[in-house]
Amino acid sequence: MQSASLLYFDDEQALASQLAKASGLTATCVDRHVFPDGEIKLRLPTPLPRRVVVLRSLHDPNTKLVELLLAARTARTLGAEHLTLVAPYLAYMRQDVAFTPGEAVSQQIIGRLLAELFDAVITVDPHLHRVSTLQEAVPAKQAIALTAAPLLADFVHQQCPDALLIGPDEESAQWITAAARQHRMDHGVCRKVRHGDRQVDIQLPDVAVANRHVVLLDDIASSGHTLAQAARMLLQAGASSVDVAVTHALFSGDALAVVRGAGVSRIWSTDGVAHESNCVGIAPLLASALTTV
Ligand code: R5P
């Protein structure tokens, strides 16, 4: 892309530095003040170039969405003509229909808001279930969905060449297929029925798991209960070990303890959401997408 500024927030400095290095963009931290009552004041660097990239991974999204609203509108006022959002984790994608009358369809509402604010949106492994393209959820001029599955597959294969890759639910089939293809790994996909935020039933696939080193691969670990329940079932079925690899390490609240408590040995994730399990860098992937906007 033509010369542009990369704006980031102080809690994402590590990824911002990696992205600046990989893309050659100059990274500048947005100055942020939080008032005692929770309101936010932002100050962007001036002058701004015509093209601006904003990095904001949208875990714990609510305050960040207000920050993006303030940052994008201010950048336009300061003369930015082309705004790109790099949101490695894109929030609110899971609520893609009204499951009962009156429910907000958050995917459409948040997707449209971001499309109004930004010319291009780049994300990684967005949770698209009942829609097939990111563009349908985020109707920006450019909506780019990248996948970290091959990067996770490389890492998993290095750590455990004979791993059996298992997806914990039907929606993970897309990532399991991409990852398994990379190194011709054995694989399978579970079926999941969700009964509540922290209650899921898992049915294992028809794949022999006894004495296998299983790696559970998924897009998101949130409460951790999907991975935990799948791990328990796999260990009961005779798997010799269960490790976990996810793109987005949300691990909310006690999720890490829940997953470890289920008998999971190693936990790996990309650095799209900063977490102690990060071991796969996605800055080069993001940087290469930036060359297309
Ligand atoms: C949903 O289908 C996703 O792919 C994840 O499996 C899910 O969001 C994980 O949520 P939790 O960690 O709360 O079970």
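Annotations for the structure displayed:
- 5 angstrom amide H check on Ala143, placed H, neighbours 5+ away: Val121
- Residue-by-residue Karplus 3J(HN,Hα) for the stretch 4-9, coefficients 6.51, -1.76, 1.60, Hz, glycine and proline x: 9, 9, 9, 9, 9, 10
- Across the chain, the mean sequence separation of Cα contacts (distance under 8 Å, 6 or more residues apart), normalised by length, yields a relative contact order of 14 percent.
- Radius, Kirkwood style, for the stretch 196-293 when every pair of distinct Cα atoms is counted (Å): 14.3
- Its residue count N fixes a reference of 2.2 N^0.38 Å for the stretch 149-206, and the Cα radius of gyration divided by that reference is 1.20.
- Under the Karplus curve 6.51 cos²θ - 1.76 cosθ + 1.60, θ = phi - 60°, whole-Hz ³J(HN,Hα) for the stretch 216-232, x wherever Gly or Pro sits: 7, 10, 8, 7, 10, 10, 10, 6, x, 6, 4, 5, 5, 5, 5, 5, 4
- Two-decimal ratio, the stretch 7-112, of alpha-carbon radius of gyration to 2.2 N^0.38 Å: 1.18
- Peptide ranges 156-162, 83-89 listed from the most packed, as the mean C-beta count within 10 angstrom indicates: 83-89, 156-162
- Per residue, the convex hull volume that the Cα atoms of the stretch 110-244 enclose (Å³): 111
- Distances between placed amide hydrogens fall under 5 Å for Leu7 paired with Thr28, Val53, Val54, Leu55, all partners being 5 or more residues away or on another chain.
- Fraction of antiparallel bridges per DSSP, the stretch 175-290 only, in percent to nearest 5: 30
- Computed over the stretch 148-229, relative contact order equals 33 percent, with contacts defined as Cα pairs under 8 Å that lie 6+ residues apart.
- Under-5 Å amide H pairs with Asp169, H placed in peptide plane, nonlocal only: Cys190
- Derived scalar couplings between HN and Hα for the stretch 148-154 equal 9, 4, x, 5, 5, 4, 4 Hz in order, rounded to whole Hz, by the Karplus curve 6.51 cos²θ - 1.76 cosθ + 1.60 (θ = phi - 60°), x for Gly and Pro.
- Residues Arg198, Arg191, arranged from fewest to most other Cβ atoms within 10 angstrom of their Cβ, appear as Arg191, Arg198.
Laboratory data are not the source of any read-out in this text; all were calculated from the coordinates shown. Fair warning: this is a prediction, and the values are worked out from it, not measured in the lab. A quick note on method: Cβ atoms are made from the backbone with ideal geometry, for glycine too, and the neighbour counts reach across all protein chains shown.
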